[in-house]
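These notes are about the structure you will find just below.
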Amino acid sequence: MKVKAAKLVAPKKFELVEIELPSLTNDEVLIKIAACGLCTTELPVFEGVLVGTPGVSFRYKEYPADLGHEVVGKIVDIGKDVTNLKIGDLITGMTYSGCGFAQYMIEKANQLVKIPEGVVLENALGEPLMSIVNILRQIAPDFGDDILIVGDGFMSLLTVAGLSHYPVSNLAVVGHHENRLSLAKKFGATTIINSKRSNAWEKVMALTDKKGVEISIDLAGTSAALRLAASLCKAKSRAKLVLAASYNNDMPITIGNYMQNRAPILVPAYPSHSLNKIDDVKRGLWALSKGIFPMKQLITHRFKLSELNQAMEIARMRSNGYIKGIVLPWL
């Protein structure tokens with residue numbers, strides 16, 4: 001079966017090509033892709049930093065590379081041993097097996113979850129929803145906790161929306177985009193701090209009676225953000241410093257003193273730390289269906305397959321009010 005796909009053929013260069021999909025194995029399904037999210041973790045791949053780097057995903061070993069892993073779509077064919085899905089089901093899930101920036105893709109049936117009735121298909125991006133549920137379950141907020149989120153991007157805003165349903169004392173967000181900080185406040189943040197206009201460290205310390213927070217989550221992914229998150233952990237109380245951002249391989253480790261003096265527990269909250277990704281996808285879709293995750297308000301840009309080069313640049317620069325983009329292969 002020949003399908004159109006956008007392949008990364010060189011740094012910052014997608015090309016629209018025709019590829020041949022293999023026949024399904026017994027445990028696989030064929031997905032007609034309705035949408036695929038743009039993920040910031042793939043920006044270093046787009047820029048050529050990670051392709052061919054030892055230890056990276058098989059999808060990025062060489063050019064042409066397969067990007068796109070936040071797929072939602074419709075089952076149009078199934079292998080003979082598939083029992084959990086049927087033709088016509090609307091699905092999402094852990095779509096890591098091929099190119100998500102395409103018209104169709106093949107995935108293992110056990111990596112997919114049905115989308116609940118009433119949920120808008122393009123909003124049901126299962127992989128990032130799973131990632132947020134994993135963060136929330138890893139950090140296990142307690143009654144009256146003070147929580148800090150450093151970063152005001154898509155994942156930060158979803159985390160705020162989820163945490164707003166927990167009985168925490170303060171939920172502070174540090175960022176520097178006024179429109180995103182306003183959304184954080186709307187979604188449940190008790191305090192928003194524009195780091196370009198005020199001293200974030202002083203603001204959070206004043207908020208917590210100079211004690212710091214029980215849970216400090218870095219979702220910005222810079223050395224400055226990680227230092228800030230570490231420095232605001234409540235000292236010598238086994239506060240949780242949560243590493244949930246995508247970090248460049250060459251980012252220097254600059255928080256050694258904070259590890260010694262403030263003594264937080266390090267909590268890596270990446271997708272692969274999930275104890276059960278499929279269960280987390282299901283929980284994320286449930287939360288989406290209940291209005292807990294405001295995906296509709298966060299998807300700001302829609303692109304054609306042929307516009308992927310432009311889409312990645314907009315995502316990288318966060319221009320034109322960008323928060324989250326999706327690719328619609330049939331547009």
For region 37-63, what are the residues that are at pLDDT 85 or above, touching a Lys or Arg at 6+ places or on another chain (Cβ under 9 Å) and not hydrophobic (A, V, I, L, M, F, W, C)?
-> 37, 40, 47, 48, 63
Inspect region 234-242 for any residue being among the small types (Gly, Ala, Ser), touching a helix residue (DSSP H, G or I) at 6+ places or on another chain (Cβ under 8 Å) and under 23 Å from residue 130 (Cβ atoms) and give the result as yes or no.
-> no
Just give me the residues in region 274-291 being surrounded by fewer than 16 Cβ atoms within 10 Å (Cβ to Cβ), closer than 16 Å to residue 121 by Cα and hydrophobic (A, V, I, L, M, F, W, C), in sequence order.
-> 286
Kindly indicate which of 24, 16 is assigned to a loop (DSSP other than H, G, I, E, B) and hydrophobic (A, V, I, L, M, F, W, C).
-> 24
Just to be sure, is residue 263 on the phi > 0 side of the Ramachandran plot, outside the structural domain of residue 46 (by TED's automatic domain parsing) and either in contact with a His (Cβ under 9 Å, 6 or more places away or on another chain) or among the hydrophobic types (A, V, I, L, M, F, W, C) (or both)?
-> yes
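Would you mind stating whether residue 123 is within 22 Å of the chain's Cα centre (by Cα) and surrounded by fewer than 17 Cβ atoms within 10 Å (Cβ to Cβ)? Give the steps one after another, and end with the answer.
Working: within 22 Å of the chain's Cα centre (by Cα): yes; surrounded by fewer than 17 Cβ atoms within 10 Å (Cβ to Cβ): no.
So residue 123 fails the test.
If I ask for residues that are more than 24 Å from residue 67 (Cα to Cα) and either free of Cβ contacts under 8 Å to residues at least 24 places away in the same chain or not aromatic (Phe, Trp, Tyr) (or both), which ones from region 290-307 would you list? Spell out the reasoning first.
Taking region 290-307 as the starting set, the residues that turn out to be more than 24 Å from residue 67 (Cα to Cα) are 290-294, 297.
Once the filter is applied, which keeps residues that are more than 24 Å from residue 67 (Cα to Cα) and either free of Cβ contacts under 8 Å to residues at least 24 places away in the same chain or not aromatic (Phe, Trp, Tyr) (or both), region 290-307 yields 290, 291, 292, 294, 297.
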Kindly indicate which of 106, 132, 192, 115 is over 21 Å from residue 72 (Cα atoms), among the aliphatic types (A, V, I, L, M) and buried (at least 17 other Cβ atoms within 10 Å of the Cβ).
-> 192
Could you list, in sequence order, all residues of region 59-80 that are surrounded by fewer than 16 Cβ atoms within 10 Å (Cβ to Cβ) and under 17 Å from residue 13 (Cα atoms)?
-> 61, 62, 63
Could you identify the single residue in 87, 91 that is buried (at least 17 other Cβ atoms within 10 Å of the Cβ), touching a strand residue (DSSP E or B) at 6+ places or on another chain (Cβ under 8 Å) and closer than 27 Å to residue 286 by Cβ?
-> 91
Residues that are among the hydrophobic types (A, V, I, L, M, F, W, C) and touching a Pro at 6+ places or on another chain (Cβ under 9 Å), drawn from region 268-294 = 285, 286, 288
When region 308-331 is checked residue by residue, the ones that are within 20 Å of residue 103 (Cα to Cα) and surrounded by 14 or more Cβ atoms within 10 Å (Cβ to Cβ) are 308, 309, 311, 312, 325, 326, 327, 328, 329
Which members of region 292-331 meet the condition of being under 30 Å from residue 163 (Cβ atoms), outside any loop (DSSP other than H, G, I, E, B) and charged (D, E, K, R)?
-> 296, 302, 316, 324
When residue 152 is evaluated against the numbered criteria (1) surrounded by fewer than 23 Cβ atoms within 10 Å (Cβ to Cβ); (2) acidic (Asp, Glu); (3) in contact with a His (Cβ under 7 Å, 6 or more places away or on another chain), which criterion, by number, is the only one it fails?
-> (1)
Do we have residue 56 as hydrophobic (A, V, I, L, M, F, W, C), in a loop (DSSP other than H, G, I, E, B), surrounded by fewer than 21 Cβ atoms within 10 Å (Cβ to Cβ) and outside the structural domain of residue 301 (by TED's automatic domain parsing) here?
-> no
Residue 258 meets each of (1) free of Cβ contacts under 8 Å to residues at least 12 places away in the same chain; (2) over 16 Å from residue 128 (Cβ atoms) with one exception, condition (1)
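Please note which strands (runs of 3 or more DSSP E) are completely contained in region 177-288 and include at least 1 residues that are at pLDDT 95 or above. Before the answer, list the steps.
Numbers: elements: 191-194, 215-218, 240-243, 265-268.
In region 177-288, 191-194, 215-218, 240-243 are the strands (runs of 3 or more DSSP E) which contain 1 or more residues that are at pLDDT 95 or above.
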Mind checking which residues of region 212-240 are touching a residue at least 40 places away in the same chain (Cβ under 8 Å) and basic (Lys, Arg)?
-> 234, 240
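The values are calculated or read from the model by the stated rules, or taken from the named source; none is laboratory data. The structure presented is a predicted model; accordingly, all values stated were derived computationally and were not measured. Reconstructed Cβ throughout: ideal geometry from the backbone, glycine too, with neighbour counts over all protein chains shown.
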